[in-house]
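Heads up, the thing below is written out as structure tokens.
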Amino acid sequence: MFDFFLGHYAYWFMFALMTLGLWGMIFKKNLVKKLIGMTIFQVSIIIFYIATSSKWGATVPVLDPAIGATDTSKYINPLPHTLMLTAIVVGVATIGVAFALVISIYKRYRTLDESILSEKLKKEDDTE
Amino acid sequence: MTLSNTPALIPLIFLGTAALIPIIASRKNWIAFPFSLLASLISVFISIYNILLVLQKGSVRYFFGGWAPPIGIEYVLDPFSAFIVLVINSIAFLVLIHSKRVVENEHPDRRTPYYAVVMLMLCGFNGIVLTGDFFNLYVFLEISSLALYGMIAIGEKKSPIAAFRYLIMGTIGASFYLLGTGFLFMATGSLNMADIKMILPNIYQEHTVIVGLILMVIGMAIKMAMFPLHGWLPDSYTYAPSSTAALVAPTGTKIGAYVIIRILFFIFGVSFVSKMLPLTQVLGWLAAIGIIYGSIMAIAQKEMKRMLAYSSIAQVGYIGLGIGLANPLGLIGAVLHVMNHALMKACLFLVAGNFRTKLGHSNINRFTDSIRKQMPWTTAAFAVASLSMVGLPPTVGFFSKWYLALGTIKNSNWIFLAVILISSLLNAVYFFRILEKIYLRPPDAEKDRTEKIKKSEAYPSMLVPTIILAIAILVIGLLNAFIVKGIIQKIIPGGMG
């Protein structure tokens with residue numbers, strides 16, 4: 001049992017980060033804190049992908065003349081790393097759009113608190 | 001035009017147009033609209049060519065950069081993707097014609113960026129449908145979602161909040177999908193859909209496969225606004241500009257449905273998702289609850305756009321129900337309903353846009369019988385679309401419900417059959433509520449004499465797409481046997497039913 005936990009420590013770490021991020025996104029009242037949660041959530045997935053590529057006793061996926069190109073078990077899998085480069089770019093774009101929205105919300109309502117925002121929205125609905 | 005590269009052409013046209021619009025239209029705002037309309041028209045023609053090609057020759061595969069799968073990324077054009085691409089692009093073309101006046105009316109100074117993000121969104125949608133690679137699908141999903149957040153936030157005062165809430169939900173959905181892809185990659189070592197389909201039968205029992213599948217379906221169910229995960233939809237449709245709502249409501253949720261059907265029935269196979277895992281059963285029950293919930297919430301709404309948004313949740317439920325049945329008739333019903341609901345919802349949102357432009361509001365309580373004199377054609381189109389939503393023959397709405405009902409009977413699932421019948425009744429309640437206000441008021445002779453109502457119909461550029469859609473609802477309803485036999489029956493994957 002202990003071996004199971006220790007052997008998968010990267011996944012447990014990733015799972016903890018993911019829960020933390022999801023909790024922040026859903027339960028935090030401040031919009032910027034929600035976005036912090038979102039970033040943690042996305043980073044946990046990036047860590048997950050990177051963890052899947054690792055192999056015991058393998059080295060970085062750059063051709064080493066001493067090892068040669070025939071034995072793939074001597075190199076870690078480079079594909080998840082390249083996939084995650086794309087995912088990082090997507091994450092940056094998402095957070096950029098999200099902050100643009102936050103700025104425009106703040107300009108219109110002068111608050112970033114979800115509960116105050118909901119009250120203001122309700123008032124607007126009533127006056128309409 | 002060489003034959004093999006037609007699958008890649010449509011996303012590339014939209015991507016190129018999206019990049020060109022900010023450059024070309026930076027000085028002259030008005031160029032953005034004709035330019036994007038042209039791109040959309042070309043893609044409609046290519047989609048028609050594609051579907052004829054597929055019906056003749058079977059599926060077409062295009063390898064990007066000449067790298068053969070599973071190493072490279074491939075685009076696959078089979079009957080299913082060709083059909084969905086045709087539906088999306090034709091609806092988008094009609095809604096784009098309509099959007100000219102609406103955009104000029106609602107946010108005239110932001111025309112250039114608006115049409116640029118519209119093109120990006122369509123690029124994403126077409127890419128999702130055409131790609132044969134799970135990670136590429138994620139990238140297109142994020143392209144379309146990011147464009148969508150911008151399109152929603154461009155609207156009225158509350159729209160940034162709706163867009164922000166959708167962004168949080170949408171990112172959770174996309175991240176779940178990405179995580180599911182990771183699990184599947186761990187188990188199979190591949191990202192290519194056809195390759196994974198070959199590998200899967202040997203490793204069905206592994207936990208990583210099951211977890212990956214469930215994460216992917218949850219992620220896509222958020223995008224599809226499946227019942228317990230629909231929270232983002234009503235606000236974003238209500239506060240988005242009319243043109244955005246009309247563009248997204250018919251196409252956006254269908255993309256999620258398409259991916260779920262693709263993953264469940266084409267890659268994992270019916271027997272795995274319905275017999276080894278009770279996944280389709282869960283989807284079916286959630287969809288059934290969602291149908292009833294969406295219909296009841298729609299009855300309670302005072303704003304027409306909001307009512308249509310809740311009705312969308314119910315209608316997406318029909319597609320989910322068809323998926324949940326996991327038999328050929330259910331799948332025909334689901335795929336047919338993707339097209340039918342796109343037609344009906346586009347028509348209804350265009351009508352709402354016409355009302356907002358001409359009357360200045362779309363509040364149901366303020367509708368009066370004068371509307372039918374003021375805008376006879378728009379109200380006629382509304383009547384056709386609502387009858388179709390209720391499911392009266394010979395409109396399209398009847399036939400998808402017919403196939404779904406046949407599917408429930410085949411599975412002897414009487415509760416689902418009851419849900420379809422009850423929800424039709426509920427649809428009738430919330431649409432006849434409006435029809436009654438517009439058409440069924442007893443004539444008030446006194447008022448008619450004193451109050452001369454001037455006929456002021458919506459602009460031709462708004463009216464023509466609305467009427468084309470209304471006519472399409474009737475004509476495609478009559479031709480449905482032809483479409484089902486010609487295209488949809490070819491979609492059904494082997495090993496089903």
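Throughout, read-outs are computed from the coordinates displayed, never taken from laboratory work. Note that the structure is a prediction, hence the values are computed from the model and not measured. FYI the Cβ positions are ideal-geometry reconstructions off the backbone, even for glycines, and counts take in every protein chain you see.
A compact table of results
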quantity: Residue order, fewest to most surrounding Cβ atoms within 10 angstrom, among B:Ser370, B:Ser412; calculated: B:Ser412, B:Ser370
quantity: Difference of contour (0.36 nm per residue) and Cα-Cα distance, B:Ile409 to B:Ile214; calculated: 67.4 nm
quantity: All-pairs Cα distance distribution in the range A:2-127, expressed in whole percent, bin size 5 Å; calculated: 2, 10, 13, 14, 14, 12, 10, 8, 6, 5, 3, 2, 1, 1, 0, 0
quantity: Volume per residue of the C-alpha convex hull in chain B, rounded to whole Å³; calculated: 132
quantity: Within chain B, helix-based [θ] at 222 nm, where runs of 4 or more DSSP H residues each add -39,500 (n - 2.57), nearest 500; calculated: -24500 deg cm²/dmol
quantity: Of A:Leu117, B:Val351, A:Leu63, farthest towards positive along the dipole that unit charges on Lys, Arg, Asp, Glu beta carbons give the protein assembly as shown; calculated: B:Val351
quantity: Mean shadow area of the range B:284-346 over all directions, Cα convex hull, nm²; calculated: 3.8
quantity: Using alpha carbons only: equivalent-ellipsoid semi-axes of the range B:264-412, gyration tensor based, whole Å; calculated: 34, 15, 11
quantity: Cα-based equivalent ellipsoid of the protein assembly as shown: semi-axis lengths in Å, sorted from largest, via gyration tensor; calculated: 41, 28, 24
quantity: The range A:2-127 - percent relative contact order, Cα under 8 Å, separation 6 or more; calculated: 23
quantity: Distance in nm between pseudo-label sites at A:Tyr106 and A:Phe4 (7 Å out along the Cβ direction from Cα); calculated: 4.7
quantity: Cα-projected label distance for B:Asp109 with B:Tyr204, points at 7 Å along beta-carbon direction, nm; calculated: 6.1
quantity: Within the range A:96-116: backbone nitrogen closer than 16 Å to the A:Lys33 label point (7 Å, Cα to C-beta); calculated: A:111-116
quantity: Where a label projected 7 Å from the Cα of B:Ile24 along Cα→Cβ would reach, residues of the range B:111-139 with amide N under 18 Å; calculated: B:111-123
quantity: Residues listed by number, the range A:36-74, amide nitrogen under 13 Å from A:Tyr11 label point at 7 Å toward C-beta; calculated: A:48-49, A:51-54
quantity: Selection of trypsin sites (Lys or Arg not before Pro), the range B:124-168, meeting DSSP coil and at most 13 other Cβ within 10 Å; calculated: B:Lys157
quantity: Average Cα contact separation per residue, chain B, under 8 Å, 6 or more apart, as relative contact order %; calculated: 14
quantity: Intensity falloff of the range B:85-242 expressed as log10 I(q)/I(0), Debye formula with alpha-carbon point scatterers, at q = 0.08, 0.09, 0.10, 0.19 Å⁻¹; calculated: -0.28, -0.35, -0.43, -1.18
